[in-house]
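Just below is one structure, and these are the notes that go with it.
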Amino acid sequence: MNHHASLGRATSQPLQPDHLTGPLRSLSPAQSNPSRYPSGSNSAGASRLSTQEQDMKEPKIRLVGELVFGVGLLVLSLVIGCLAYGISGFSSINSAGAFPLGISFIMVASALWCLVEALAKKPAAVHGLAALRQFCREHFPIRIVVFVALTIAYLIAMDWVSFYVSTFVFTSACIFYLRRGGLLLSIGVSAAMLAIIYLMFTLVFSVYLP
């Protein structure tokens, strides 16, 4: 009877991990609980890290015309800076050339940044006529061509009508075309922008636009 009582107490106690023997004891945590430790997670993470390291080590390929664009932008920014300096120099912050000088400084800094990034990349793989076709296809899509045409028309119309009328028509047309709709929104944004320009130039810079 004592033998049966001791056997009952032994079977009523739960088995602890230390009591496991044989194949169950040799299983790893990932093998004993596969739902908690998905298979292949470590190898996939390691492969992703190695791919990212290779991408960081390999230099990026320069786009077709990127270097020419950077040089042209730098030259244009310097020309605008010289023209802005010729208006009134660095006489005061309220002078007529203060705003153009500030814009030209931002343009020169941006152009230098683009040029340095372009020089750090590998040259493009295509050359000659194929490079020209790829350049036109990538950098002059139809939306850019239309925007440039509107800008040229805006600059020509500025001599015939006032600055505010030509700017209002230009900004409204550009916003309407680029957003592909929204006439009321285009008119509202253009009117708000012109009001800000008028207050800034009239009250802050004391410059009266034509």
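The values are calculated or read from the model by the stated rules, or taken from the named source; none is laboratory data. Remember, predicted model here, so these are calculated numbers, not experimental data. Cβ sites come from the backbone with ideal geometry, for glycine too, and all protein chains shown count toward neighbours. We work out accessible area using only protein heavy atoms, side chains counted, and drop any ligands, DNA or RNA first. Shrake-Rupley method; radii C 1.70, N 1.55, O 1.52, S 1.80 Å.
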Exercise for the section: State whether the residues of the range 101-113 include one that is surrounded by 14 or more Cβ atoms within 10 Å (Cβ to Cβ) and touching a residue at least 40 places away in the same chain (Cβ under 8 Å). Expected result: yes
Going through the range 89-100 in order, the residues found to be open to solvent by less than 70 Å² (accessible area, probe 1.4 Å) and within 14 Å of residue 201 (Cα to Cα) are 95, 96, 97, 98, 100
Inspect the range 114-122 for any residue being under 19 Å from residue 71 (Cβ atoms), part of a loop (DSSP other than H, G, I, E, B), out of contact with any helix residue (DSSP H, G or I) (no Cβ under 6 Å at 6 or more places or on another chain) and in contact (Cβ under 8 Å) with a residue 12 or more places away in the chain and give the result as yes or no. yes
task = Would you be able to say whether some residue in the range 115-122 is out of contact with any Lys or Arg (no Cβ under 8 Å at 6 or more places or on another chain), at positive phi and exposed (fewer than 13 other Cβ atoms within 10 Å of the Cβ)?
result = no
Residue pairs within 6 Å by beta carbon, gap of at least six or interchain, first lying in the range 73-90 and assigned to a helix (DSSP H, G or I), second modelled with pLDDT under 85, listed first then second, are 84/97; 84/100; 84/101; 87/96; 87/97; 88/95; 88/96; 88/97
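Conditions (1) over 23 Å from residue 197 (Cα atoms); (2) of a type outside the set (A, V, I, L, M); (3) modelled with pLDDT under 80, marked per residue:
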{"position": "55", "(1), (2), (3)": "yes, yes, yes"}
{"position": "78", "(1), (2), (3)": "yes, no, no"}
{"position": "83", "(1), (2), (3)": "no, no, no"}
{"position": "94", "(1), (2), (3)": "no, yes, yes"}
{"position": "109", "(1), (2), (3)": "yes, no, no"}
{"position": "118", "(1), (2), (3)": "yes, no, no"}
{"position": "123", "(1), (2), (3)": "yes, yes, yes"}
{"position": "141", "(1), (2), (3)": "yes, yes, no"}
{"position": "147", "(1), (2), (3)": "no, yes, no"}
In the set 186, 206, the lone residue that is in a helix (DSSP H, G or I) and small (Gly, Ala, Ser) is 186
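To keep it simple, each residue is scored yes or no on (1) surrounded by 12 or more Cβ atoms within 10 Å (Cβ to Cβ); (2) free of Cβ contacts under 8 Å to residues at least 40 places away in the same chain; (3) part of a helix (DSSP H, G or I); (4) polar (S, T, N, Q).
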residue: 125; (1), (2), (3), (4): no, no, no, no
residue: 137; (1), (2), (3), (4): no, yes, yes, no
residue: 149; (1), (2), (3), (4): no, yes, yes, no
residue: 153; (1), (2), (3), (4): yes, yes, yes, no
residue: 165; (1), (2), (3), (4): yes, yes, yes, no
residue: 177; (1), (2), (3), (4): yes, yes, yes, no
